[in-house]
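Everything on this sheet refers to the single structure shown next.
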Amino acid sequence: MSDKPSALADSVKTEFRYAWNAYKNYAWGHDALKPLSKQPYDWYDRSLLLTPVDAFDTMLLMGLSREAGEAKKLIFDSLSFDRNIEVQAFEIIIRVLGGLLSAYQMDGDRRFLALAEDLGKRLLPIYNSSTGMPYRYVHLQTGRIRDSINNPAEIGTALLEFGTLSKLTGNPVFFDKAKLALVQVFNHRSRIGLVGTWINVETGEWVNKSSHIGGAIDSYYEYLLKAALLFNDHDCNAMWEESIRVVNQFVADSSAGKLWYGQADMNTGQRTGTSFGALDAFFPSILALGGDMTRAEKLLESCFAMWRLHDIEPEQLNYLTMTATAKQYYLRPEIIESAYYLFHYTGDKKYQEMGEVFFNSLKRYCRTEAGYAYLEDVTTKEKADKMESFFFAETLKYLYLLFAPKETISLERIVFTTEAHPLRKAN
Ligand code: DMJ
């Protein structure tokens, strides 16, 4: 490593502040900043403050108390869920509900919990299907729901947040509904134990039978394991153990001596694709958390080879030909998250060295006059006008934690949600 970890941690903090100041200057009060046009961006007709809510706990971890104070004031002055808008439940659960809950646990201000409870109640109608699996969209005022075709990730990625909300409010309804949804995905697994990509939540029929660990399935597996750890939930643990066994049997693949996870038919287990991408790079962290360090380390090596190809990772790669099949880089955190977990468990400095490579590429290719931008194409490094809130919640948080003193946060006492919001194990 060219710099000491403490200097790199400081430097990540400086970049966080740089991106936050750009948000402040050009998009204050909005969901996000468009970093090239320097314009604000909102997901819906009214802002739900995605960036400040998602970023808040990273500020606390980094010790950025001035910025945290500004964000907190903005949240209490203007965040309301009594809005005439329809939202995508999954995104609002992981970014806003998760952000408010970790904010409450870290900061202690009960107004965070009140906001979280109000939001949680408005989201509950998503579970009103005959199977208990959620619809994808809900209107925050009327509770009207729509879209019965959903995927395992969006169906299952709520138990950490809703379960914590139940613990903190004493109202079991949130935990119960989110757990039933997760269990129902598992109950609809194929004879060989795999799940597909899209399912009808009213009939329970799979409409896309491709099985993999990438987008649309990814955090379903993550939440089986993490719910087992956060709530000491034996059902989730049993579901995780059966799932990881068959994923390693049918979805894992190898090419040129490297470990990959591709696509397989959920019913036959036959290989249907050899795609791996930026989202799949979360899997080493989950393997490590589940205790499989051998596969975790091997898979992160493959992820690093994917990054090295163009000095920054593509959204999708064909691992047989080692060519990028989707060339964007969305400022995603997953590969950094995995390096953080592997460094935590092994203490091997090579993971911090990897982190330095990631950080340098981010600064070299994605930094703009106003924050950081997506890449439209990792081969040409052409930029695109977007900086998602997860860049603050996850990408910079994991990068910082990779270099910061180990005591900054204890993986033994908290569980990170899929959006990197730390939730306390005992409360
Ligand atoms: C985040 O919003 C979450 O990590 C989600 O689970 C999937 N990916 C994005 C960041 O890439």
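For a label point 7 Å from the Cα of Ala114 along Cα→C-beta, name the residues of region 161-184 whose backbone N is under 16 Å from it. Once the point is set 7 Å along Cα→Cβ of Ala114, 169 turn out to lie under 16 Å by backbone N, inside region 161-184.
Positive end of the dipole of the chain, charges at C-beta (+1 Lys, Arg; -1 Asp, Glu), about the Cα centre: which of Ala288, Ser130, Thr379 has its Cα farthest in that direction? The residue sitting most towards the positive pole is Ala288. In terms of surrounding Cβ atoms within a 10 Å radius of their Cβ, Ser166, Ser254 rank from fewest to most as Ser254, Ser166.
Note on region 392-427 and region 40-61: Cα centroid distance 18 Å, given to the nearest whole angstrom. Scalar couplings 3J(HN,Hα) for region 155-163, obtained by applying the Karplus form with A = 6.51, B = -1.76, C = 1.60 to θ = phi - 60°, are 6, x, 8, 8, 5, 5, 6, 5, x Hz; x denotes Gly and Pro. Of the residues Phe304, Leu33, Gln270, the one whose Cα sits farthest towards the positive end of the charge dipole of the chain is Leu33 (charges of +1 on Lys and Arg Cβ, -1 on Asp and Glu Cβ, taken about the Cα centre).
Within the set of other residues whose C-beta is less than 14 Å from the C-beta of Gly269, count the net charge using Lys and Arg as +1 and Asp and Glu as -1.
Cβ neighbours under 14 Å give a net charge of +3.
In plain terms, the bigger the Kirkwood radius, the slower the diffusion; for region 184-306, with that radius from Cα pairs, at 25 °C and 0.890 mPa s, Stokes-Einstein puts D at 168 µm²/s.
Measuring how big region 91-159 is from its alpha-carbon positions, Rg and Dmax come out at 12.9, 39 Å.
Relative to its Kirkwood radius, the Cα radius of gyration of the chain gives an Rg/Rh of 0.94. Rounded to whole numbers, the Karplus 3J(HN,Hα) couplings from phi for region 168-174 are 7, 9, x, 9, x, 4, 5 Hz, using 6.51 cos²θ - 1.76 cosθ + 1.60 with θ = phi - 60°, and x at Gly and Pro.
At 0.36 nm per residue, minus the direct Cα-Cα distance, what do Thr346 and Asp107 gain on full extension? Give it in nm, one decimal, please.
Between Thr346 and Asp107, full extension yields an extra 83.0 nm.
Taking the Cα centre of the chain as origin and charging only Cβ (+1 Lys, Arg; -1 Asp, Glu), how large is the dipole, in debye to the nearest 20?
The dipole of the chain has a size of about 300 debye.
With R₀ set to 25 Å, the beta-carbon distance separating Lys363 from Gln39 gives a calculated FRET efficiency near 0.60. Estimated purely from DSSP H runs of n ≥ 4, each contributing -39500 (n - 2.57), the mean residue ellipticity at 222 nm for the chain is -14000 deg cm²/dmol once divided by its residues. Filter Lys34/Lys406; Lys4/Lys226; Lys226/Lys363; Lys13/Lys34; Lys73/Lys121 down to the pairs with a C-alpha to C-alpha distance above 30 Å, please. Going by Cα-Cα distance, Lys34/Lys406; Lys4/Lys226; Lys226/Lys363 fall outside the 30 Å limit.
Using θ = phi - 60° in the Karplus curve 6.51 cos²θ - 1.76 cosθ + 1.60, the 3J(HN,Hα) couplings for region 136-151 round to 7, 10, 9, 8, 5, 9, 9, x, 4, 10, 7, 6, 8, 8, 10, 10 Hz; x is entered for Gly and Pro.
If only the Cβ of Lys and Arg carry +1 and only the Cβ of Asp and Glu carry -1, the dipole of region 269-427 around its Cα centre is close to 220 debye.
Roughly how far apart, in whole Å, are the Cα centres of region 323-387 and region 108-143? Cα centroid to Cα centroid, the span is 33 Å. Net charge dipole, region 26-172: roughly 120 debye, given to the nearest 20, about the Cα centre with Cβ charges of +1 for Lys and Arg and -1 for Asp and Glu.
Rule-based calculations on the coordinates, nothing more; no lab input. Small disclaimer: the values here were computed from a predicted structure and weren't measured. Here Cβ is always computed from backbone atoms with ideal geometry, including for glycine, and neighbour counts include all displayed protein chains.
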